[in-house]
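Only the coordinates and a few stated rules stand behind these numbers; no lab work does. In this text the structure is predicted, and so the values were computed from the model without any measurement. Every residue, glycine among them, receives a Cβ derived from its backbone with ideal geometry; neighbour counts consider all protein chains shown.
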Amino acid sequence: MRMILVIVVLAAIGLSGCNGDSSNGNANGNANANRTDFKPPAPIKPTEGVDPNFKACNPYFPLVPGSVAKYVINYSSGIVGDLTVVVDAADEDGQKVFTQRSQLIDRSGGMQITQSIVRKFVCDGSTVRILSEKTESNIAGQQSAVDFDYRENSVMMTDPLSLARKGTTWSHAFRTVFHNQGQPPSRSDLPTVILFEVLGPEEVTTAAGNFKAIKITRKVGENGTVDHYAAGLGLVKRQSTEGTSWELKEYSGLKALD
């Protein structure tokens, strides 16, 4: 159960290995490798088409309604996952709220993982703030859910001018509430704090192409990731300290900017 909770949380925030033990992932993956009853869900799709005149408030975190981005995730345990991210928008309580839905499916069949992540954002000028996040998971037949209770005014992506300055830092924090079948909800005692720092520009190569990007670190204690964000596309590459990697493989409704 500990391994399942770790996967649920870390897949959602893009960090891996915070439990300090990747051997459990290998063991569980091998134990389920021969299962043949795994049926992945239907792929998710945005609820509307892309408006060609729409302009995202922050090009490095482009919340474009109707857009689709697909990633391949290679976990350090050997599991391979396909992640699809779509964006929708609606007016809620007098403000435009962007809903980002993500679907993670275990391609390798090792741990029989399917996961749905729903995050809501608003724009504050060219800064992107996160309002809420919920993850629902089915791992080897065990269902669970996690709510991420973010502090007020939590910044997911700072403004482009700040991103252009090497050394820019910001942070946000949340508490987690776990929901497991047959058990009462369990709330974390202490908040999880994620620290961000801009390392500067860097060119990266992915399955979707070569891009000029901004390199940003995300840290939780001693663990974290190195992320690359390209203007117009958002996240194009991610590498965690324990070996898990993300890579953009295709996209639609988005356009790389010079």
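Where a Cα-Cα gap under 19 Å defines reach, which aspartates and glutamates qualify for K39, not counting those fewer than 8 residues away within the same chain? Cα-Cα hits under 19 Å: D82, D106, E136.
The 3J(HN,Hα) values that the Karplus relation (6.51, -1.76, 1.60; θ = phi - 60°) gives for region 186-194 are, in residue order, 10, 9, 5, 6, 10, x, 8, 10, 10 Hz. Gly and Pro appear as x.
Among W170, W246, the order by Cβ neighbours within 10 angstrom, fewest to most, reads W170, W246.
Where does the charge balance sit around L199 when Lys and Arg score +1, Asp and Glu -1, over other residues with C-beta under 10 Å from its C-beta? That works out to -1. On the principal axes of its alpha carbon atoms, region 36-108 extends 46, 25, 24 Å, with the longest extent given first.
Placing a pseudo-label 7 Å from each Cα along the Cα-to-Cβ vector at T205 and S116 gives an inter-label distance of 3.9 nm.
For the pair K255 and V155, the difference between a 0.36 nm per residue extended length and the Cα-Cα distance amounts to 33.6 nm.
Listed here are the pairs K120/K212; K45/K249; K96/K249; K70/K166; K215/K249; K55/K215; which of them are more than 25 Å apart at the Cα? Cα-Cα > 25 Å for K120/K212; K96/K249; K70/K166; rest within. Each Lys or Arg adds one and each Asp or Glu takes one away; over the other residues whose Cβ falls under 12 Å from the Cβ of Q95, this sums to -1. Counting every other Cβ atom within 10 Å of each residue's Cβ, V87, V220 order from fewest to most as V220, V87.
The order of the peptides 228-234, 69-75 by mean Cβ neighbours within 10 Å, most packed first, is 228-234, 69-75. Alpha-carbon geometry of region 212-258: the Rg and the Dmax are 11.8, 36 Å, given in that order. Cβ crowding within 10 Å ranks K45, K219 as K45, K219, fewest other Cβ atoms first.
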